[in-house]
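K.L.:
I have a structure I would like to understand better, so I am pasting it below and will then ask my questions one at a time.
The values are calculated or read from the model by the stated rules, or taken from the named source; none is laboratory data. Only a predicted model underlies this, so the values are computations on that prediction, with no experimental measurement involved. FYI the Cβ positions are ideal-geometry reconstructions off the backbone, even for glycines, and counts take in every protein chain you see.
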Amino acid sequence: MFTKKFIITNLIILCTHRISSSDVYFAMFFLDNSLYGSSSLGNQVGIVNQFVLNKPNDNDVMSLTILSQGKTSFNTSFHPMLINDYGNFYNNLATIMSQEHAIGNISYFQLTSDVAAKSSFYNTKIYTQKPIIVYFIDSYLNRIEDTRKILNMINKFYGTEIKVLSIIFDETKTSAATFLTKNKDFVNINVDSKETVKWLYKQYQNSQ
């Protein structure tokens, strides 16, 4: 039988380990607010919200950059947002939800180019060693080849292990998503938001 002292000592060790065990995450989300993509915009925003609310550990540190392409583009001056201010986070989501959708298809090329120019991925204290870039695709994407070239340049220039992922809502977008990510395993067909969020966090663990 364990003594009272033994139990208390081990509980302290366990609690101390749990408190000190934390990870730092960075994610960049591109939301599709095209004519057709606008129909799933609520789901896209919901996934981003679930991603923030379901960190593996309560004391994990989370930073995000949220971008949206509709009739106009939305960005927060491309500055990562440290999620310790939920008011600012939800204000950004509300702004995206009220954004006017594009009258047709969209391109992520300009936003991705601006990310390449304005995001300092070499600052691993913010962007971490293994950041993820997540593209929502629910429509045909214009200039997808040029967008992929910019992503190649980002990886080559910054030398960090940036993983490009895509979330789609039906199988017809698989080809475009796979082209953008360069790997079908980096494409998630969303059925359940919680499962998609689990999949996103799993990508941090898997090597590129």
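K.L.:
Taking SER119, is it in contact (Cβ under 8 Å) with a residue 60 or more places away in the chain, touching a Phe, Trp or Tyr at 6+ places or on another chain (Cβ under 7 Å) and either of a type in the set (A, V, I, L, M, F, W, C) or over 18 Å from MET28 (Cα atoms) (or both)?
P.N.:
Against the criterion (in contact (Cβ under 8 Å) with a residue 60 or more places away in the chain, touching a Phe, Trp or Tyr at 6+ places or on another chain (Cβ under 7 Å) and either of a type in the set (A, V, I, L, M, F, W, C) or over 18 Å from MET28 (Cα atoms) (or both)), SER119 does not qualify.
K.L.:
What is the number of the single condition among (1) out of contact with any strand residue (DSSP E or B) (no Cβ under 8 Å at 6 or more places or on another chain); (2) among the hydroxyl-bearing types (Ser, Thr, Tyr); (3) buried (at least 19 other Cβ atoms within 10 Å of the Cβ) that THR160 does not meet?
P.N.:
Every listed condition holds for THR160 apart from (3).
K.L.:
Also, quick follow-up: Test of understanding: among THR172, THR181, THR196, THR124, which residue is modelled with pLDDT of 95 or more and either of a type outside the set (Val, Ile, Thr) or surrounded by fewer than 17 Cβ atoms within 10 Å (Cβ to Cβ) (or both)?
P.N.:
Result: THR172 is the single residue among THR172, THR181, THR196, THR124 that is modelled with pLDDT of 95 or more and either of a type outside the set (Val, Ile, Thr) or surrounded by fewer than 17 Cβ atoms within 10 Å (Cβ to Cβ) (or both).
K.L.:
With respect to ILE167, is the statement that it is touching a residue at least 40 places away in the same chain (Cβ under 8 Å) and touching a strand residue (DSSP E or B) at 6+ places or on another chain (Cβ under 6 Å) true?
P.N.:
Criteria met by ILE167.
K.L.:
Could I ask something else about it? Farther than 23 Å from ASN54 by Cα, surrounded by 13 or more Cβ atoms within 10 Å (Cβ to Cβ), modelled with pLDDT of 95 or more and in contact with a Phe, Trp or Tyr (Cβ under 7 Å, 6 or more places away or on another chain): does that describe ILE167?
P.N.:
The answer is no for ILE167.
K.L.:
Within segment 199-208, take every residue that is surrounded by fewer than 14 Cβ atoms within 10 Å (Cβ to Cβ) and at pLDDT below 95 and give me the one that is nearest to GLY159 (Cα to Cα).
P.N.:
Taking the candidates together, the pick is GLN208.
K.L.:
If you take the residues in segment 71-107 that are assigned to a loop (DSSP other than H, G, I, E, B), under 19 Å from the mean Cα position of the chain (by Cα) and among the polar types (S, T, N, Q), which one is surrounded by the fewest Cβ atoms within 10 Å (Cβ to Cβ)?
P.N.:
Pass one, segment 71-107, residues assigned to a loop (DSSP other than H, G, I, E, B): 71-72, 75-80, 83-85, 98-105.
Subset that is under 19 Å from the mean Cα position of the chain (by Cα): 75-80, 83-85.
Adding the requirement that they be among the polar types (S, T, N, Q) leaves 75-77, 84.
Values: ASN75: 16, THR76: 14, SER77: 7, ASN84: 10.
Checked segment 71-107; the qualifying residue surrounded by the fewest Cβ atoms within 10 Å (Cβ to Cβ) is SER77.
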